[in-house]
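K.L.:
Below: one structure in C-alpha cells.
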Amino acid sequence: MPANELYQLTVHEAHELLKQRKISSAELTKSVLKRIAEVEGKVRACVTIVEDIALKEAEKVDNYIKAAHEITPLTGIPTLIKDVICTKGIRTTCSSRILENFVPPYDATVIEKLKTHRAVVVGKTNMDEFAMGSSTEHSAFFPTRNPWDLSRVPGGSSGGSAAAVAADEAIYALGSDTGGSVRQPAALCSVVGLKPTYGLVSRFGLIAFASSLDQIGPLTKDVTDCALVMNVIAGYDPRDSTSVSHPVPDYTQQLIPDIKGLKIGIPREYFGEGVQNEVRAALQAAINKLQELGAEIDWEVSLPHTKYALAAYYILAPSEASANLARYDGVKYGFSERDASNVIETTEKTRQFGFGPEVKRRIMLGTYALSAGYYDAYYVKAQKVRTLIKREFDQAFEKYDALVTPTSPIVPFKLGEKLEDPMQMYLSDVCTLPINIAGIPAISIPAGFTDNLPIGMQIMGKPFSEEILLRIAFAYEQATAWHKRKPKIR
Amino acid sequence: MKLSYEQVRHIAWLARLGLSEEEVEKFSLQLSNILENFEILKEVDTTNVPPATHTIPLKNVFRKDKVAESYSQTEILSNAPRQAEKCFKVQAILE
C-alpha cells in the first residue's frame, strides 16, 4: 500500500489499485468525501459538493469495471473542478453573486472528455470571482485557506483547486490560468500545476475572463498525474475557434529521469527586486540540482521586456474582461435586480450588486483602456508590447530548451495583507503573466520550503513543448522529495 | 494621471455599472494609482511594431454550416430571471 488512506493516493497509484481490483471507485470516492468532511471546515476549498452524484457515478464505474472492461488512467478517480468550468446540471458560480444560482445546460469540452473516461466529479472549487485575483479572497462567498498555514492565502485564482489537492480533498483538480491562476496557487500550496500552450486545451464551456489569455490546466500531486490528465484534456475542439489542431502525444512517454544535454536558461529579470531572498535561494538550489542531473545551465539570460509585462497584462486582460462580462445584464441568466424602473437601471443595478470589488475594478480599467481617446495609448500600446514580449521569448527558445524561474516572487501571504492594495496583489503574478502574454506553456512544481511555507519552480518552454517541460519536472521531482511532504492541517 | 469624479462616473456609465458614491471615491484613487504604474509602457519604442491580438497564427476559422442538434427552448430558458410565453422577458425599451 503506497498510502495509509485512499484519499492520499495519486492518480497513477489509484489507477493501479483499481486496475488490479484491489479497491473500488466507490471506496476511493467515499474516502475522498470523508477527507472533505474532516478538513473542509478549515480549508474551505469547495463551493459545491455533489456527494450523491459522485457516489452514484462511482457505483456505475464499479459495475463497468466488474463487467471486465478495460479502464483508462482517470477511470473511477474522484476530481474537483474549478467553478469557472461549466458542468451540466451542477451549479457553476464563478464564485460570484451574479452566477450564484446558474446551472449550465451543457458540459465544457474538458468535462465531456473526463466523462468519456468515466472520471468521478465530486464538486466545484472556490476561486477569485471570475478568476480575477491572486489569493482566492475575491470569492464572493468566502476565502479559501492555505493548508500549510490556515492564516495564509492559497494563492489564486484557482486557490480552491490547489488547496484541495494539497489537503487531499481530491486526487486531482482542474483550474484555469489567465495570468498565473493555475501555477501561482500550485506553488503556494506545493502541488504541480500546468498552464498549457494557448489553444491546446479547449476553452468551450470555460466561462470567459480574457479570451486571448485563458487556458484550462491540471493541478495534481505529482508530475506523472499532470501528464495523465493532459492526455485526456488536450486536443482540438471545433467548438472553440481558437483551438489549435496539433497532434496530442502521450505525455507520459517523455517522463524519463534524464535531462542530460538539455539547455536551460535562467532569465535574470525574474530574480530581481521584489523576489524574497528565501525564494531566490530555493531556486538557486533547485537549478543546481538540474545541473547535477545533467542540464546545461546558462545563468546569463536576459529578457529585457519582462518589466513591461505587468502593465501590458493589466491593460489587456481587463480590456478583454470588460467586453466578456458585458453579457451579464440580468436578462438571460444569473442575478437580476428587480427594483429598477427601466432597462438601463436594471442592468446597472444588476451589475452593481452582482459583481464584487475586484471585478468592478477590472471592468472599469478595461472600459477606460478601450474608450475613445485612450484606446491607442493603452490598449494598442499594450498589444504592441505583447508582440515584443512574444518575440523575445521566441528568440530565447532558439537557444534554450526551457527557461527556469520562481513561480511566485513570494511565499504565501497572510489573509487580508494585500486585499486593499490592488497593485500589490497584481505583483503576485509578475513571474507568471508573461507566459500568458506569449501564449507559451509553463509548469510549476514544488521546489522547497521556508518556515514550512511552500516555494515553487516555474519551467517554461516554446509553444507545444509540454513534453520537455514535463520531462525536466519529472527528473527534478524524482531527485527530490518536496512533492511527498503533506501539510498538517490545524 | 489622476481620474476625476466625472471621469469615473463616465466610465461606469459606458460599462453600465452602477457605483455607490464610496465606490466612485475609491476607484478614483485606485485606478489613478494603477494607471500611473502603466506609464512605464511609454518607455518602450514600438515604432513599426504590429499589435498582437493573439499568440497563435490563426485567422479566418471557417466551418461547414450544417444542421445539428441544439438546445431546447426549455434548457435555454432554464436560467432566465424573467420569462413569458417561452421568451426572455425584458422591460419596455420605448416609453
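The values are calculated or read from the model by the stated rules, or taken from the named source; none is laboratory data. Computed from a predicted structure; not experimentally measured. Neighbour counts are summed over all protein chains in view; Cβ atoms, including those assigned to glycine, are modelled from backbone coordinates with ideal geometry. To get the accessible areas, we keep the full protein, side chains included, count just its heavy atoms, and leave off ligands, DNA and RNA. Shrake-Rupley method; radii C 1.70, N 1.55, O 1.52, S 1.80 Å.
K.L.:
Inside region B:36-95, can you point out the residues that are of a type in the set (Gly, Ala, Ser) and either more than 30 Å from residue A:423 (Cα to Cα) or open to solvent by 80 Å² or more (accessible area, probe 1.4 Å) (or both)?
P.N.:
Those that are of a type in the set (Gly, Ala, Ser) and either more than 30 Å from residue A:423 (Cα to Cα) or open to solvent by 80 Å² or more (accessible area, probe 1.4 Å) (or both): B:68, B:70, B:72, B:78, B:80, B:84, B:92.
K.L.:
Also: Look through A:308, A:270 and report the one residue that is in contact with a Ser or Thr (Cβ under 7 Å, 6 or more places away or on another chain) and hydroxyl-bearing (Ser, Thr, Tyr).
P.N.:
A:270
K.L.:
Can you name the residue in region A:323-353 that is polar (S, T, N, Q) and farther than 27 Å from residue B:32 by Cα and, of all such residues, is nearest to the chain's Cα centre (by Cα)?
P.N.:
Only one residue tops the list, namely A:336.
For every residue, the table says whether it meets (1) hydrophobic (A, V, I, L, M, F, W, C); (2) touching a Cys at 6+ places or on another chain (Cβ under 7 Å); (3) over 30 Å from residue A:431 (Cα atoms).
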| residue | (1), (2), (3) |
| --- | --- |
| A:301 | yes, no, no |
| A:318 | no, no, no |
| A:331 | yes, no, yes |
| A:336 | no, no, yes |
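K.L.:
Inside region A:435-490, can you point out the residues that are touching a strand residue (DSSP E or B) at 6+ places or on another chain (Cβ under 9 Å), of a type in the set (Val, Ile, Thr) and surrounded by fewer than 24 Cβ atoms within 10 Å (Cβ to Cβ)?
P.N.:
Correct list: A:468, A:480.
K.L.:
Looking only at region B:1-10, which residues are in contact with a Leu (Cβ under 8 Å, 6 or more places away or on another chain) and in a helix (DSSP H, G or I)?
P.N.:
Listed by number, the residues that qualify are B:8, B:9.
K.L.:
When region B:1-22 is examined, which residues are found to be on the phi < 0 side of the Ramachandran plot and facing chain A (nearest Cβ under 7 Å)?
P.N.:
If the condition is that a residue be on the phi < 0 side of the Ramachandran plot and facing chain A (nearest Cβ under 7 Å), then B:11, B:12, B:14, B:15, B:17, B:18, B:19 are the ones that fit.
K.L.:
Out of A:265, A:356, A:274, I need the residue that is within 25 Å of the chain's Cα centre (by Cα), modelled with pLDDT under 95 and more than 10 Å from chain B (Cβ to nearest Cβ). Which one?
P.N.:
Sole residue among the options that is within 25 Å of the chain's Cα centre (by Cα), modelled with pLDDT under 95 and more than 10 Å from chain B (Cβ to nearest Cβ): A:274.
K.L.:
Looking only at residues in region A:361-373 that are surrounded by fewer than 24 Cβ atoms within 10 Å (Cβ to Cβ) and at the interface with chain B (Cβ under 7 Å from one of its Cβ atoms), which one is nearest to residue A:317 (Cα to Cα)?
P.N.:
Step by step, filter region A:361-373, then rank; the result is A:361.
K.L.:
Quick one: residue A:427 ticks every box in (1) modelled with pLDDT of 95 or more; (2) in a helix (DSSP H, G or I); (3) hydrophobic (A, V, I, L, M, F, W, C) except a single one, so which number is it?
P.N.:
For residue A:427, the exception is condition (1).
K.L.:
Select, from A:252, A:197, the only residue that is within 14 Å of chain B (Cβ to nearest Cβ) and assigned to a loop (DSSP other than H, G, I, E, B).
P.N.:
Matching residue, one of A:252, A:197: A:197.
K.L.:
Among the residues of region A:25-44, is there at least one that is outside any helix (DSSP H, G or I) and farther than 17 Å from residue A:168 by Cβ?
P.N.:
Among the residues of region A:25-44, not one is outside any helix (DSSP H, G or I) and farther than 17 Å from residue A:168 by Cβ, which makes the answer no.
K.L.:
Go through A:257, A:247, A:267 for me and flag whichever is in contact with a helix residue (DSSP H, G or I) (Cβ under 9 Å, 6 or more places away or on another chain) and surrounded by fewer than 19 Cβ atoms within 10 Å (Cβ to Cβ).
P.N.:
Sole residue among the options that is in contact with a helix residue (DSSP H, G or I) (Cβ under 9 Å, 6 or more places away or on another chain) and surrounded by fewer than 19 Cβ atoms within 10 Å (Cβ to Cβ): A:257.
K.L.:
Only one of A:103, A:47 is open to solvent by 10 Å² or more (accessible area, probe 1.4 Å), over 22 Å from residue A:232 (Cβ atoms), in a loop (DSSP other than H, G, I, E, B) and modelled with pLDDT of 95 or more. Can you tell me which?
P.N.:
None of the other options fit; the residue is A:103.
K.L.:
If you scan region A:110-160, which residues turn out to be part of a helix (DSSP H, G or I) and either open to solvent by 10 Å² or more (accessible area, probe 1.4 Å) or touching a Cys at 6+ places or on another chain (Cβ under 9 Å) (or both)?
P.N.:
Residues satisfying the conditions are A:111, A:112, A:113, A:115, A:116, A:129, A:130, A:131, A:159, A:160.
Residue-wise test of (1) open to solvent by less than 10 Å² (accessible area, probe 1.4 Å); (2) of a type outside the set (A, V, I, L, M); (3) more than 7 Å from chain B (Cβ to nearest Cβ).
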| position | (1), (2), (3) |
| --- | --- |
| A:315 | yes, no, no |
| A:320 | no, yes, yes |
| A:333 | no, yes, no |
| A:345 | no, yes, yes |
| A:351 | yes, yes, no |
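K.L.:
Please enumerate the residues belonging to region B:23-35 that are within 9 Å of chain A (Cβ to nearest Cβ), over 18 Å from residue A:319 (Cβ atoms) and not basic (Lys, Arg).
P.N.:
Correct list: B:23, B:33.
K.L.:
Which numbered condition trips up residue A:269, out of (1) closer than 20 Å to residue A:400 by Cβ; (2) acidic (Asp, Glu); (3) touching a residue at least 40 places away in the same chain (Cβ under 8 Å)?
P.N.:
Of the numbered conditions (1) closer than 20 Å to residue A:400 by Cβ; (2) acidic (Asp, Glu); (3) touching a residue at least 40 places away in the same chain (Cβ under 8 Å), the odd one out for residue A:269 is (3).
K.L.:
Looking at region B:84-95, which of its residues are more than 10 Å from every other protein chain (Cβ to nearest Cβ), assigned to a strand (DSSP E or B) and not small (Gly, Ala, Ser)?
P.N.:
B:87
K.L.:
Tell me which of these residue A:17 doesn't satisfy, since it passes every other one: (1) in a helix (DSSP H, G or I); (2) surrounded by fewer than 17 Cβ atoms within 10 Å (Cβ to Cβ).
P.N.:
It is condition (2) that residue A:17 fails.
K.L.:
Next question, about the same structure. List every residue pair whose Cβ atoms sit under 6 Å apart, with the two residues 6 or more apart in sequence or on different chains, where the first one lies in region A:11-24 and is over 18 Å from residue A:221 (Cβ atoms) and the second, anywhere, is open to solvent by less than 80 Å² (accessible area, probe 1.4 Å).
P.N.:
Listed by first residue and then by second, the contacts come to A:24/A:62.
K.L.:
Continuing with this model, one more query. Working carefully through the options A:394, A:376, A:401, find the one that is without any contact (Cβ under 8 Å) to a residue 24 or more places away in the chain and out of contact with any Phe, Trp or Tyr (no Cβ under 9 Å at 6 or more places or on another chain).
P.N.:
Exactly one of A:394, A:376, A:401 is without any contact (Cβ under 8 Å) to a residue 24 or more places away in the chain and out of contact with any Phe, Trp or Tyr (no Cβ under 9 Å at 6 or more places or on another chain), namely A:376.
K.L.:
Please go through region A:281-306 and pick out each residue that is surrounded by 16 or more Cβ atoms within 10 Å (Cβ to Cβ) and either within 23 Å of the chain's Cα centre (by Cα) or closer than 30 Å to residue B:41 by Cβ (or both).
P.N.:
A:282, A:283, A:286, A:301, A:303, A:305, A:306 - these are the residues of region A:281-306 that are surrounded by 16 or more Cβ atoms within 10 Å (Cβ to Cβ) and either within 23 Å of the chain's Cα centre (by Cα) or closer than 30 Å to residue B:41 by Cβ (or both).
K.L.:
OK, next. Check off (1) facing chain A (nearest Cβ under 7 Å); (2) of a type outside the set (A, V, I, L, M, F, W, C); (3) part of a loop (DSSP other than H, G, I, E, B) for residue B:70 and give me the number that stays unchecked.
P.N.:
(1)
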